[in-house]
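This report refers to the structure that appears directly beneath it.
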Amino acid sequence: MEISGSCFCNTVQFRLSDAPKAVVNCHCNFCRKHSGAAFATYAVVPETVLEIISGQDSISAFQFKENAHKHFCKQCGSPIYNRNVRYPGLCMIYLGSISASLNMAPTVNIYCESQLAWVPAIAEIKSFEQGITRQTQ
């Protein structure tokens, strides 16, 4: 199985030579801050299955702590993956950067002590197939 992905501007392109070990929603404060979202969703893969096929020079890294690094495209800012020494040998690939992510669903939520109070009720809120217009408000 080969899975491909890229940043928003397609400068950085990658492939995974195997399926993710897990897909997780992380609710920790760090993931919320650096993703700019209520939580971050990752595909967890062994480092050995991630291959950067173009744009290696366009990947920049932000060191969050001495043991955690966020890797992103320095052209468009898209997050690509994280590495953390607490999880040796693994990469956390941002689900949004994976082309076939529609076929992947999270199976676990982690760091739920930091979870925003409204997150469990997401499925109950009004939803639209497309953006909101004056007629749908």
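Computed quantities for the displayed model
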item	result
Leading residue by the ranking (surrounded by the fewest Cβ atoms within 10 Å (Cβ to Cβ)) among those in region 24-60 that are among the aliphatic types (A, V, I, L, M) and within 20 Å of Ile122 (Cα to Cα)	Ala37
Filter pass, Tyr111 being within 21 Å of Ile3 (Cα to Cα) and either among the aliphatic types (A, V, I, L, M) or surrounded by 16 or more Cβ atoms within 10 Å (Cβ to Cβ) (or both)	no
Within region 13-42, tally of residues that are of a type in the set (D, E, K, R), out of contact with any helix residue (DSSP H, G or I) (no Cβ under 6 Å at 6 or more places or on another chain) and modelled with pLDDT under 95	3
Residue selected from region 61-103 under the condition in contact with a helix residue (DSSP H, G or I) (Cβ under 7 Å, 6 or more places away or on another chain) and surrounded by fewer than 17 Cβ atoms within 10 Å (Cβ to Cβ), by the criterion farthest from Ala22 (Cα to Cα)	Gln75
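The values are calculated or read from the model by the stated rules, or taken from the named source; none is laboratory data. Please read these numbers as outputs of a predicted model, since none were measured by experiment. In this analysis, Cβ positions are derived from the backbone assuming ideal geometry, glycine residues included, and neighbour counts consider all displayed protein chains.
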